[in-house]
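Trainee: Quick one: the structure is below, and I'll ask about it shortly.
Every number here is computed from the coordinates shown, using simple stated rules; none is lab data. What you see is a predicted model, and the numbers here were worked out from it, not measured in a lab. We place every Cβ from the backbone using ideal geometry, glycine too, and count neighbours over all the protein chains shown.
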Amino acid sequence: MKWEVVIGLETHAQLSTASKIFSGTSTAFGAAPNTQACAVDLALPGVLPVLNKGAVERAVRFGLAVGAKINRRSVFARKNYFYPDLPKGYQISQYETPIVEGGSLTFRVGDQEKTVPLTRAHLEEDAGKSFHGGFDEKGHGGSYSDLGTTDGLLSQVSGIDFNRAGTPLLEIVTEPDMRSSAEAVAYAKALHELVRDIGICDGNMQEGSFRCDANVSVRPAGTEKLGTRCEIKNLNSFRFLERAIEFEIRRQIDVIEDGGRVVQETRLYDPDKDETRSMRSKEDAHDYRYFPDPDLLPLEVNDAMLETIRATLPELRQAKQARFMASYGIYAYDANILTSSRELADYFESAVQSADAKTAKLCANWIVGQLNARLNDENLAITQSKIDSVQLRRLVDRRWQHIR
């Protein structure tokens, strides 16, 4: 039997505000455990949350960038569930009426263009973070394997750091419209670049600022009914995202072809074993007992805010690609690579100032070809290049003079 894969992604982008979504506590990364968690973040008795305006503006900025509907009135709800690193026993999120509805993101998968429709993007607060292993007197963690080999570690315990609790998140949800791990990774990369370009998230995946949950299911090719989905949580690299989806596809097909039944559940990806494993049964919306948060008024976005934010949006990637192709006569493939990051696009534009079409094409060829290959070999970003844009232009000019 031939199978069709169905994938939807839920991406959590930490918003780049200096303080948390409902308190004035710092969101700076790397502080000592539990030094950046105040009474509001922990929902201690008598405290009241106050919404961070900067988080709202960043959510609106994203909605405008993807051509979505901005709901002029949205509501915060309490999402009730127990987890050790959720200090309140509930998470403040948006459910029935999110701030952003619809929209889409267009990107390239190889030589093909793909547009993925978005379901919604809503504001919510992050939870804390659990650590498992040994801890020294300063609260720094080790691992179980360290115990007995490293002096100063305490017993095998779990610890919780609430510094991240209350950090503003924008959860961006797609329709189940992707059909391969390659499409999912290309979408995630395009989204990662977008949130960085418009200045709402630093995109640091190692620090957890940008992480994906992949909903994966399979169904017989040619059928319309969706298969039972499994959600793979907290994938914080594009490589892990691809490998986790590939493993989960094989696992589900094997289960069905062996006469079994895929169970709806949440799974974790283990990169060391290159496999997903069951974490917990997957809840449905009614299990969370959503209800409007009584401490927060409905959020209202007015025309003045919309127009102010719209006026500050930078040139978006698709528009920049079209301009590069029209202004410099370069191919779509080259334009796609040159706009893959804001820094690379700026480097190219700096190199081709006052250049004719032939020189601009040669600059593009050198950047996309030799320079990009060398940077990849040395694992360097364009901002770390030993050849700046002026030097590259001089090299191209001399080469062009030699050819002529």
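Trainee: Contact order normalised by length for the stretch 1-57, with contacts defined as Cα pairs under 8 Å and 6 or more residues apart; what percent is it?
Mentor: About 35 percent, as a whole number.
Trainee: Using the count of nearby Cβ atoms within 10 Å as a rough guide to exposure, how do HIS122, HIS286 rank from fewest to most?
Mentor: With the sparsest Cβ surroundings first, the list reads HIS286, HIS122.
Trainee: So for the stretch 307-404, averaging the separation of alpha carbon pairs under 8 Å that are six or more residues apart and normalising by length, what relative contact order in percent results?
Mentor: Averaging sequence separation for qualifying contacts and normalising by length gives 26 percent for the stretch 307-404.
Trainee: Okay, moving on. Could you calculate the contour length gain from ASN80 to ALA311, that is, 0.36 nm times the residue separation minus the distance between their Cα atoms, to one decimal place in nm?
Mentor: Computed gain between ASN80 and ALA311 is 79.4 nm.
Trainee: In addition: LYS225: which lysines have alpha carbons under 16 Å from its alpha carbon, excluding same-chain residues fewer than 8 sequence positions away?
Mentor: By straight Cα distance, LYS225 reaches LYS2.
Trainee: Determine the alpha carbon to alpha carbon distance for each of LYS20/LYS88; LYS79/LYS114; LYS69/LYS114 and list only those over 26 Å.
Mentor: Pairs exceeding the cut-off: LYS79/LYS114.
Trainee: Provide the gained length on full extension for the span ARG394 to SER130, in nm with one decimal, where the gain is 0.36 nm per separating residue minus the Cα-Cα distance.
Mentor: Here the segment from ARG394 to SER130 would lengthen by 89.7 nm.
Trainee: Taking the stretch 296-404, which chymotrypsin sites (Phe, Trp or Tyr not before Pro) meet the DSSP loop condition and have no more than 15 other C-beta atoms within 10 Å?
Mentor: Within the stretch 296-404, the qualifying chymotrypsin sites (Phe, Trp or Tyr not before Pro) (loop, at most 15 other Cβ atoms within 10 Å) are TYR331.
Trainee: Students often get this wrong, so try it: which of [x] 38, 27, 25; [y] 37, 23, 20; [z] 45, 24, 22 is semi-axes √(5λ) of the Cα gyration tensor in Å as calculated from the structure shown?
Mentor: Calculated semi-axes √(5λ) of the Cα gyration tensor in Å: the matching label is [x].
Trainee: Same structure again: Grab the DSSP H runs of the chain that are 4 residues or longer, score each as -39,500 (n - 2.57), total them, divide by all residues and round the 222 nm result to the nearest 500 deg cm²/dmol.
Mentor: -9500 deg cm²/dmol
Trainee: Return ASP397, ASP356, ASP284 ranked ascending by Cβ neighbour count within 10 Å, so the fewest neighbours appear first.
Mentor: Ranked by crowding around the Cβ, least crowded first: ASP284, ASP356, ASP397.
Trainee: What is the percent of Cα-Cα separations in the stretch 1-65 that go past 14 Å?
Mentor: Counting every Cα pair in the stretch 1-65, those more than 14 Å apart make up 69 percent.
Trainee: Then there is this: In a GNM of the chain with a 10 Å cut-off on Cα contacts, which of LYS361, LYS225, LYS320 has the highest mean-square fluctuation?
Mentor: LYS225
Trainee: Would you look at the GNM of the chain, springs on alpha carbons closer than 10 Å, and say which of ALA355, ALA214, ALA165 moves the most?
Mentor: ALA355
Trainee: How much length is gained on full extension from ILE253 to MET1, taking 0.36 nm per residue of separation minus their Cα-Cα distance?
Mentor: The ILE253-MET1 span can extend by a further 89.7 nm.
Trainee: Moving to a separate point now. Name the residue, out of LYS189, LYS273, LYS53, whose mean-square fluctuation peaks in a Gaussian network model built on the chain with Cα pairs under 10 Å.
Mentor: LYS273
Trainee: Same structure, new question: Over the chain, what relative contact order in percent results from Cα pairs under 8 Å that are six or more residues apart?
Mentor: 18 percent.
Trainee: Another one. How far apart, in nm, are the 7 Å Cα→Cβ label points at MET279 and MET325?
Mentor: 3.9 nm
Trainee: Take ASP272 and ASN376, extend 7 Å from each Cα along the Cα→Cβ direction, and tell me the distance between the two endpoints in nm.
Mentor: So the label points at ASP272 and ASN376 sit 3.1 nm apart.
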